[in-house]
């Protein structure tokens, strides 16, 4: 049964925040609170949200914040509104829209980090109503492509960063160009490694905390490359409805070490592990012909494998 009896303190804070918002207190920094589930990406909600930003309310940054999916339609409406304001500013000789530039900057940092690019430029295209990414390709040609046409890995990561950054800009527009640096809060991400190449899995947590330095990220993952990117103290193992500390150091440990020590998973299928055991039993029994047969069978199955290389060396030494 859900209860709020232990939530007195947080309710008092919420009441105070609401009062200060009504009074127009621009010194109030609203925290970002949002949850992203595994179905979070580019999920266009069916609700008609086209006029939501006609009401210039900072709490719009909390709309659908616990739904588990990014409300792309709502976010795109914000990009349209801010881009129109940007062009109006240009016509009237005013400066850029700092919070819009801050959101684009967060997305550009993300794209550059995961692709190795250093000159990505992101803009909202009023004509196509899409977010475009411009970058220099390997041949030195300047390219432009809609974000929606990128691979799932790129799209999932950049759209996640976009949703976080735009919510921050709505919650705290008074922070202008520093909104992504100054906004604090808590963000929950289920399966943070979703659609990510292992090379990106290694750096996703580092990148998120660099782009949003005041946010506490609570993420779930089954990817060894994510787990070995953080210290043991930052890892909680969920097992049988219990939250347990990591049983061993995690940072820098190889993927097989994470599988064995942290996730308690065998690094190879049972039938392969059985062949390894048979090989070593044959070595112990000095049945070198049998050991060679088993090793040859493993060579056919596994191909180039460092453990097999070591086993070949051991067999050669045993037969000397």
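The values are calculated or read from the model by the stated rules, or taken from the named source; none is laboratory data. Computed from a predicted model, the values in this text were never measured in an experiment. Note that each Cβ is placed from the backbone with ideal geometry, even for glycine, and that neighbours are counted across all protein chains shown.
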Notebook entry, point to check: Of the residues that make up the range 296-310, is at least one in contact (Cβ under 8 Å) with a residue 24 or more places away in the chain and over 24 Å from residue 266 (Cβ atoms)?
Noted result: no
Notebook entry, point to check: So residue 209 fits all but one of (1) modelled with pLDDT of 95 or more; (2) surrounded by fewer than 17 Cβ atoms within 10 Å (Cβ to Cβ); (3) more than 24 Å from residue 99 (Cβ to Cβ); what number is the exception?
Noted result: (3)
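Residue-wise test of (1) at positive phi; (2) touching a helix residue (DSSP H, G or I) at 6+ places or on another chain (Cβ under 6 Å); (3) assigned to a loop (DSSP other than H, G, I, E, B).
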site: 222; (1), (2), (3): no, no, yes
site: 273; (1), (2), (3): no, no, no
site: 276; (1), (2), (3): no, no, no
site: 283; (1), (2), (3): no, yes, no
site: 290; (1), (2), (3): no, yes, no
site: 296; (1), (2), (3): no, no, no
site: 300; (1), (2), (3): no, no, no
site: 310; (1), (2), (3): no, no, no
site: 316; (1), (2), (3): no, no, no
Next item on the list: Would you mind stating whether residue 111 is farther than 27 Å from residue 123 by Cβ and either modelled with pLDDT of 90 or more or crowded, with 17+ Cβ neighbours inside 10 Å (or both)?
Entry: no
Note to self: Can you tell me which residue is modelled with the highest pLDDT among those in the range 258-273 that are surrounded by fewer than 11 Cβ atoms within 10 Å (Cβ to Cβ) and more than 18 Å from residue 306 (Cα to Cα)?
What the structure shows: 271
